[in-house]
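The values are calculated or read from the model by the stated rules, or taken from the named source; none is laboratory data. This one's a predicted model, so the numbers in the text were calculated from it and none came from an experiment. Here the Cβ is made from the backbone with ideal geometry for all residues, glycine too, and neighbour counts use every protein chain on show. Keep in mind that these areas ignore ligands, DNA and RNA; they rest on the heavy atoms of the full protein, side chains included. Shrake-Rupley method; radii C 1.70, N 1.55, O 1.52, S 1.80 Å.
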Amino acid sequence: RTKVAPRGALQTLAPAATKSMPGFTEQGLANVVWAYASLLSRSPPVFDAAAETVLETIDAFGPQALSMVAWSYSALSLRHRPLMEAVALQGACVADRFTPEAAGSLLWSLSSLSFLESSSEATETETEPGLQAAKALLASPAVASMHSGDSWEGHPLCILANALYPVRDKLEASAWKQVESRWLTSMSKIIETLQTAAFPAPQDYVQAVASHKVFHVGPHYTKRFISDLGVGTDEFPNQAKTTLWQEASVHLAPDDIVAFVKHDLKIHIETAAGSSMHLQDTWYIASAAGAPSLSPVTFTKSLLQRPVSSQPSKSSDLVSVPLAHDRGGHAELKAMQSLLQTLGEALGNPITKPEPRVTGTVHLYANHHLCLSCLGALSQFRAALPNVDLQVSFDWVPDRLHR
């Protein structure tokens, strides 16, 4: 029997799935597109047929199916306006039936495809379907009772706050304040966990970070989070960034995650050449986007043609946290690990405890907001090099693939 990889199997099944769409229930339709999106498998015939069928039967869709459909198109950056507007309007109609998880997922999917904000064609008196869904869900029992239970914690709360952030000025002020206040309180607890992490990370570090049940803090709060961690947020030097993009674009696929590094460091030790060693370079490291089950592909490039390791020694490792899937191959983590290994080689011994003899500046840039595992790695990196000024910046494009 021929073995077919999961993504290949879905492509093989696409013609049959497309033909069978009209006979699927609403949950069946949601399951099909969710399966394709979960493996980042774009199949235009499947998603076009699904959209047509969903539009014909939208009145039968409940919260779970609506949120799954919206997430599936969002995960693949498929901006099907008629479908997403219909999903938003149906979501507003059944708002009182949503759970926190479904409400957060639906609004985040609409927001990441820019369907919560008013279009340029909308008049002053019109309300976009996405904004109608946001207002209805904010007034729904699931959200309105946020203050009286613990169901609004972790990832659902994170994506709700980030989904509503761009349209916060158009929402009922007290409702928005309730959402953001609760999210900022949760963020403070996460920051406290990361700030207490030493280098090397303690044995209970992974469990402590995972206990917050958050995969990231969202694009609209990551810069604030980094600053609250005590890490600088200066932008990556523009000329170096331009040069690195020119170098990296030859290798990068559209959805790859790349980290740029520019470091200017001194190691204060006695050498034959003097009392300090100067390490300066500008380089990048990238990891391929893909389904969680796929191994990340990494590659590096130094503008000074120096070797950059993508496989650090275990003794210099920063600890990643498997939040829903393995995050040990993320480019930002690999970049910091590689730099620690380079410094260890220069010192003659791996860095296994805080190293105060290293001073200078490290600029790190990522083309995606950092996940919580990589934010934790920032805190570990600072603990490892307490006298180094770490500056971190990132970009986020709403309708690109999300990891």
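Test of understanding: express the Cα radius of gyration of the range 12-167 as a ratio to 2.2 N^0.38 Å, with N the residue count. Before the final figure, lay out the partial values.
On the way: Rg = 15.3 Å, N = 156, 2.2 N^0.38 = 15.0 Å.
Against the compact-globule rule of thumb, the ratio is 1.02.
The simple spin-label model puts a point 7 Å past each Cα toward its Cβ; for Ser181 and Thr99 those points are separated by 2.7 nm.
Once C-alpha pairs closer than 8 Å and six or more residues apart are averaged by separation and normalised to the residue number of the range 333-403, the relative contact order reads 37 percent. Under a Cβ-Cβ cut-off of 13 Å, what is the net charge of the residues other than Ala136 that fall near it, where Lys and Arg count +1 and Asp and Glu count -1? Residues close to Ala136 contribute a combined charge of -1.
Using a simple spin-label model with pseudo-atoms 7 Å out from Cα toward Cβ, Ala139 and Ala253 lie 4.5 nm apart. The charge dipole of the range 194-269, taken about its Cα centre with unit charges on the Cβ atoms of Lys, Arg (+1), Asp and Glu (-1) only, comes to about 160 debye.
Could you give the length gained by full extension between Glu192 and Asp169, i.e. 0.36 nm per residue of separation minus their alpha carbon distance, to one decimal place?
Numbers: separation 23, 0.36 × 23 = 8.28 nm, distance 2.96 nm.
Length gained between Glu192 and Asp169: 5.3 nm.
Under the criterion of Cα pairs below 8 Å and six or more residues apart, the relative contact order for the range 20-135 equals 26 percent. Annotation: amide H of Thr352 has no partner in the under-5 Å range at sequence separation 5 or more or interchain, hydrogens built in the peptide plane.
Only protein heavy atoms count here; under a 1.4 Å probe, Asp59 has an accessible surface of about 130 Å².
What pairs from Lys241/Lys334; Lys189/Lys241; Lys135/Lys241; Lys177/Lys223; Lys213/Lys334 go past 28 Å between their alpha carbons?
Violating the 28 Å limit, Cα to Cα: Lys189/Lys241; Lys135/Lys241.
The label-point distance for Thr242 and Arg357, in a model that sets each label 7 Å from Cα toward Cβ, rounds to 3.9 nm.
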